[in-house]
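Notes to accompany the following structure.
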Amino acid sequence: MSFNYKKVKGIIVPALILGLVSFADTALAQTKTPQTQPPQQQQQATTDISDADIKQFVDASTRLLAVQKEGEKVMLTILQEEKLEVEKFNQLAQAHQQQKLNEAGATPEELAAFNKAAERIIALQPEMEKNMEQAIQKDGMTVDKYEQIMLAYQQNPTLQARVKKMMGQQ
């Protein structure tokens, strides 16, 4: 099972990482848009998730945040080494996604720094994905189960309350 980083990042990855890796969508699988379930199915999905599953989900999410923070540090270091501000990188990444990089108003030096930083950040993706998979699977949870709970969490206030309650008990 291949870990789909973009499916998970919506919850666990802050805006910096979103901006830094968002332009790399051609290198990663596209995020699947969550489908809205009828309320009865949402309730069924929530009751199918045990407290043990929620505990594993919370623990995995905590580990994922640590992995994300480490990745963020590495990406910030890359930008500093390439002498490129985060805001400028994000602006150029957005222009790149829209295929308007030449219209972004960047200097040739900024474009060169962006390209070099982007290549280095893309090269980090396999290692980050591996670390995220390991963070999820450490206590026996599968990536599929994590993604299932995350989808339910995004759609169901009852499950959100259960997860928040479990987080408060840690």
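The values are calculated or read from the model by the stated rules, or taken from the named source; none is laboratory data. Bear in mind the structure is a predicted one, so any value in this text is a computation, not a measurement. No Cβ is skipped: glycine too gets one built from the backbone with ideal geometry, and neighbour counts run over all protein chains shown.
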Look through Gln80, Gln35, Gln41 and report the one residue that is more than 25 Å from Glu133 (Cα to Cα) and at pLDDT below 90. Gln41
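Each row is one residue, and each column tells you yes or no for (1) loosely packed, with under 14 Cβ neighbours inside 10 Å; (2) not β-branched (Val, Ile, Thr).
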residue	(1), (2)
Ala106	no, yes
Ala117	no, yes
Ile121	no, no
Pro126	yes, yes
Asp139	yes, yes
Ile149	no, no
Ala161	yes, yes
Restricting to the range 88-99, give me the number of residues that are exposed (fewer than 15 other Cβ atoms within 10 Å of the Cβ) and either assigned to a helix (DSSP H, G or I) or basic (Lys, Arg) (or both). 1
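Counting only residues that are part of a helix (DSSP H, G or I) and among the β-branched types (Val, Ile, Thr), which one in the range 105-127 is farthest from Met75 (Cα to Cα)?
Taking the candidates together, the pick is Ile122.
Is there a residue in the range 85-93 that is among the small types (Gly, Ala, Ser) and more than 30 Å from Gln56 (Cβ to Cβ)?
Scanning the range 85-93, I find at least one residue that is among the small types (Gly, Ala, Ser) and more than 30 Å from Gln56 (Cβ to Cβ), so the answer is yes.
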What is the one condition in (1) at pLDDT below 90; (2) within 26 Å of Asp53 (Cα to Cα); (3) not in a loop (DSSP other than H, G, I, E, B) that Asn102 does not satisfy? (2)
Looking at the range 64-87 only, could you name the residues that are of a type outside the set (A, V, I, L, M), part of a helix (DSSP H, G or I) and surrounded by fewer than 17 Cβ atoms within 10 Å (Cβ to Cβ)? Lys69, Glu70, Glu72, Lys73, Thr77, Gln80, Glu81, Glu87
Please specify each residue of the range 128-154 satisfying the condition of being farther than 23 Å from Glu72 by Cβ, assigned to a helix (DSSP H, G or I) and touching a helix residue (DSSP H, G or I) at 6+ places or on another chain (Cβ under 6 Å). Ile149, Ala152
